[in-house]
Amino acid sequence: MTESLDIIYISLSGNTDIFVKRLAHHLTDINQASSDMQLVNVKFVDDFYTVTRPFIAILPTYLKGGNGTDNGFEEILTDKLRHFLAYHDNYRLCQGIIGSGNRNFNKQFALTAKQYAEQFSFPVLDEFELRGNKYDIERITNTIINLKQTN
Ligand SMILES: Cc1cc2nc3c(=O)[nH]c(=O)nc-3n(C[C@H](O)[C@H](O)[C@H](O)COP(=O)(O)O)c2cc1C
């Protein structure tokens, strides 16, 4: 097993938090998580700090007045993660972002992760809906393992 990637995310109503914890359990179950792997919900980070280890970001989408097609592209509520990534260039250690949302939002599904990828020049690794399902967990676990092997 190589060093784990940390996971830095934001979760406001708890869906992403549940997903991240299930993902971490799965990584542990298949012996792909080190004991010091950190799961950081920036919602609870009061003092920003400089990240020193590679990580992936996970971000749900909250848009102001989004109608699912052609209006409402403005991020609300989650921009604390954007500020954290910008802080002391923390984004430089981000290996990529996973977006989440609700498919009822059509074209605006998981949109904010794509906006972050463009701003910070890291890839969108994957997407999942709400709390995700077991297929999302398995697929994203494999993505993380593959990333670890290239680090
Ligand atoms: C006010 C509001 C706006 C939302 N806007 C979007 C959106 O534009 N696109 C999308 O895919 N999901 C949207 N969602 C769905 C959330 O991204 C989804 O419920 C997500 O799982 C919330 O994650 P959290 O529980 O970890 O905070 C919105 C939800 C709320 C409450």
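Structure above, values below:
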quantity	calculated
Between region 120-151 and region 22-71, the Cα center-to-center distance that results, in Å	11 Å
Reciprocal mean inverse distance between Cα atoms of region 1-70 - Kirkwood radius, Å	13.7 Å
Length-normalised contact order of the chain in % [C-alpha pairs under 8 Å, at least 6 apart]	26 percent
Over the chain: helical MRE at 222 nm, DSSP H runs n ≥ 4 each giving -39500 (n - 2.57), nearest 500	-10500 deg cm²/dmol
Solvent-accessible area per residue, Å², over region 62-134 with all protein chains present [probe radius 1.4 Å]	53 Å²
For region 39-128: Kirkwood Rh in Å [reciprocal of mean 1/r, alpha carbons]	13.4 Å
Carbon and sulfur %, accessible surface of the chain computed with the full protein complex present, 1.4 Å	49 percent
Interchain or long-range residues, amide H under 5 Å from residue 124's placed H	97
Cα-only Debye scattering, the chain: base-10 log of I(q)/I(0) at q = 0.21 Å⁻¹	-1.44
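The values are calculated or read from the model by the stated rules, or taken from the named source; none is laboratory data. Nothing here was measured: the structure is a model prediction, and the numbers come from that model. Just so you know, the surface numbers come from the protein's heavy atoms only, side chains and all, with ligands and any DNA or RNA stripped out. Shrake-Rupley method; radii C 1.70, N 1.55, O 1.52, S 1.80 Å.
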